[in-house]
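Each remark here refers to the structure printed beneath this line.
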Amino acid sequence: MELCCGKKGTMRNRTVRRKFDEKENKVLLWGLTLGLGAAYAGLCFNDSLWADEAYTMLLVQKPWPEAWKLLISDVHPPLYYMIVKLICTLFGYSVPVVKGISAAFICLTMLQGIWLIGPEFGKKTAAIYIAAVGLMPQLIRHGVEPRMYPQAMCFVTACGLLAYSLRKHRRERGLFWRWIGFWAFGTAAAYTHYYALVSVAWIYGFLLLAFLFDRAVRKTAVRRWLLCLAVSIAAYLPWLFVFVGQAVQVEENYWIEQPSLGTAIRWAGWLFKTEAMPVSLLFTVVFAFGFVWLLWRGITEQREELLAGAAGYGILFLTVLTGVTAGILFRPVFVPRYMIPAAGLAAFGLAVFIAQMPRRLTALLCGLLLLTGGLGYRDVWKEEYGIQTARTRSEIERMLKPGDRLIYDYGHIGLVLEYYYPDYEVAYWEDVDWNGSGDIWYCQVFNELTEERMEELGLDRTLKGEYGLDEYSFRLYQIQSPG
């Protein structure tokens with residue numbers, strides 16, 4: 001499994017690094033990163049939110065003591081919210097600012113192509129990696145959400161790439177700062193999302209196996225690995241008790257339903273999902289074939305860089321497998337977006353695969369990647385800048401009067417209403433005091449408040465129209481308060 005052993009390997013590494021360090025190569029990669037970063041920035045200037053995004057905005061605007069209590073009762077680690085709250089104290093609590101933070105972490109993930117991949121694999125692999133991160137449809141969608149997934153992916157990707165660097169340069173001296181980076185990014189990932197913690201655990205496992213197979217450096221490398229693991233565990237201990245409490249909460253009551261076989265099959269192509277399903281399906285096949293090809297050629301030819309690409313895929317697959325297994329043994333705890341923390345390493349594996357193909361095939365696959373990403377960008381642009389949210393907010397604000405109240409029958413839309421209408425009381429329909437003053441505006445998603453129930457309460461309702469906020473469609477009824 002050695003690629004860089006002896007003079008020949010050393011000369012090859014120096015050649016790759018010398019070629020990569022040429023100025024025009026870095027200019028090309030920086031230009032590609034900045035261009036894709038600008039495309040992400042273009043998706044940030046709107047105020048369209050779904051429930052989890054609204055939760056983020058509501059939480060970070062709370063005072064620190066209240067925000068911390070909510071963080072402890074949440075089902076995610078706190079680092080993302082802390083970073084967002086600190087940045088927002090400087091630039092303001094607005095949706096474009098928080099979406100911009102997510103886009104910035106996507107850009108930092110792409111920049112790892114310049115900092116970590118280029119020097120080890122060359123310009124071609126680095127460029128394809130940057131494009132893969134920037135053009136993966138579901139990364140475009142979730143890359144501008146006010147959520148922690150881009151941040152988790154950035155940390156996991158850096159941890160994984162540094163693990164490869166530690167493995168590749170294991171016989172060299174002066175690896176202290178690489179070990180520090182490996183530890184720091186892994187710990188930061190664990191404090192960002194629990195599936196990022198799962199991915200980092202698998203990275204640690206892969207690195208240990210790689211060291212154990214090398215007799216020449218086994219003892220020294222394993223000792224360093226054990227020390228890094230011990231420091232990582234110590235750094236995570238302050239949050240461990242909170243994690244246990246959150247795990248108990250999930251075990252008792254959690255919203256994720258048991259997936260079916262059909263659901264699991266759909267997950268396979270989720271990262272490349274667009275409205276153009278044939279294109280998404282084709283790229284999913286290419287993606288899956290890339291893993292098989294890298295694993296086969298890496299083992300048969302004993303090429304370490306190909307096995308590294310296969311390991312990038314493997315972190316994604318094993319993270320998903322961990323989530324599915326936990327769901328089978330305990331209760332469902334996995335949804336497709338939890339793939340995102342490991343998606344950067346999967347993009348690295350895809351880049352290694354495409355870069356190994358003949359020039360014409362590489363160009364064809366890059367064209368397919370560009371087409372898939374372009375379709376994904378079109379889909380997300382329509383979602384972010386659709387007129388539905390703006391029209392709904394404008395018309396409802398025009399109808400509301402001081403003292404009016406908003407009620408709902410679906411908890412997700414309740415969070416969105418709380419964010420958009422902070423000056424009005426927002427409540428679940430069963431919790432409302434019908435004798436209060438002002439009119440009541442019922443956002444009906446599931447029709448829980450039926451006409452029969454209205455008659456029992458002695459209330460009349462008037463349909464005002466059909467509206468939508470982000471992904472939620474509802475009928476709006478005006479209910480005259482008897483008070």
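The values are calculated or read from the model by the stated rules, or taken from the named source; none is laboratory data. Bear in mind the structure is a predicted one, so any value in this text is a computation, not a measurement. As a convention, Cβ positions derive from the backbone with ideal geometry for all residues, glycine included, and neighbour counts pool all protein chains shown.
Here is a list: V380, V432. Which entry is assigned by TED's automatic domain parsing to the domain that holds L139 and of a type in the set (A, V, I, L, M)?
Every option except V380 fails the conditions.
Could you list, in sequence order, all residues of the range 60-92 that are under 19 Å from the mean Cα position of the chain (by Cα), closer than 22 Å to V248 by Cβ and free of Cβ contacts under 8 Å to residues at least 24 places away in the same chain?
Residue satisfying the conditions is L71 alone.
What helices (runs of 4 or more DSSP H) lie completely within the range 137-237 and have 2 or more residues being free of Cβ contacts under 8 Å to residues at least 60 places away in the same chain?
149-168, 176-190, 194-212
Would you check if A363 is surrounded by fewer than 22 Cβ atoms within 10 Å (Cβ to Cβ) and within 21 Å of the chain's Cα centre (by Cα)?
Against the criterion (surrounded by fewer than 22 Cβ atoms within 10 Å (Cβ to Cβ) and within 21 Å of the chain's Cα centre (by Cα)), A363 does not qualify.
Restricting the first residue to the range 313-334 and requiring it to be within 14 Å of W202 (Cβ to Cβ), which pairs with a second residue that is among the small types (G, A, S) meet a Cβ separation below 6 Å and a spacing of at least six or different chains?
Y313/A346; Y313/G349; I315/S199; I315/A342; L316/A342; L316/A346; T319/S199; T319/A342
Just to verify a result, which residue in the range 434-469, among those that are touching a residue at least 40 places away in the same chain (Cβ under 8 Å) and out of contact with any Asp or Glu (no Cβ under 8 Å at 6 or more places or on another chain), is surrounded by the fewest Cβ atoms within 10 Å (Cβ to Cβ)?
Filtering first and then ranking leaves N435.
Please note which strands (runs of 3 or more DSSP E) are completely contained in the range 391-474 and include at least 3 residues that are more than 24 Å from L49 (Cα to Cα).
Where strands (runs of 3 or more DSSP E) fall fully within the range 391-474 and carry at least 3 residues being more than 24 Å from L49 (Cα to Cα), they are 461-469.
Please go through the range 69-89 and pick out each residue that is part of a helix (DSSP H, G or I) and either at pLDDT below 95 or hydroxyl-bearing (S, T, Y) (or both).
The answer is K69, L70, L71, I72, S73, Y80, Y81, T89.
Taking the range 1-48 on its own, how many of its residues are at pLDDT 60 or above, of a type in the set (D, E, K, R) and not in a helix (DSSP H, G or I)?
Number satisfying all stated conditions: 3.
Here are some residues: G411, G386, G376. Which one is among the small types (G, A, S) and crowded, with 21+ Cβ neighbours inside 10 Å?
From the options G411, G386, G376, the qualifying one is G376.
If a residue has to be polar (S, T, N, Q), surrounded by fewer than 17 Cβ atoms within 10 Å (Cβ to Cβ) and at pLDDT 95 or above to count, how many in the range 252-295 make the cut?
0
Within the range 270-284, count every residue that is farther than 17 Å from F348 by Cα and either free of Cβ contacts under 8 Å to residues at least 40 places away in the same chain or in a helix (DSSP H, G or I) (or both).
Going through the range 270-284 one residue at a time, the tally reaches 7.
Here are some conditions: (1) in a helix (DSSP H, G or I); (2) hydrophobic (A, V, I, L, M, F, W, C); (3) under 23 Å from I117 (Cβ atoms). M357 meets all but one. Which one does it not meet?
Unmet for M357, out of (1) in a helix (DSSP H, G or I); (2) hydrophobic (A, V, I, L, M, F, W, C); (3) under 23 Å from I117 (Cβ atoms): (1).
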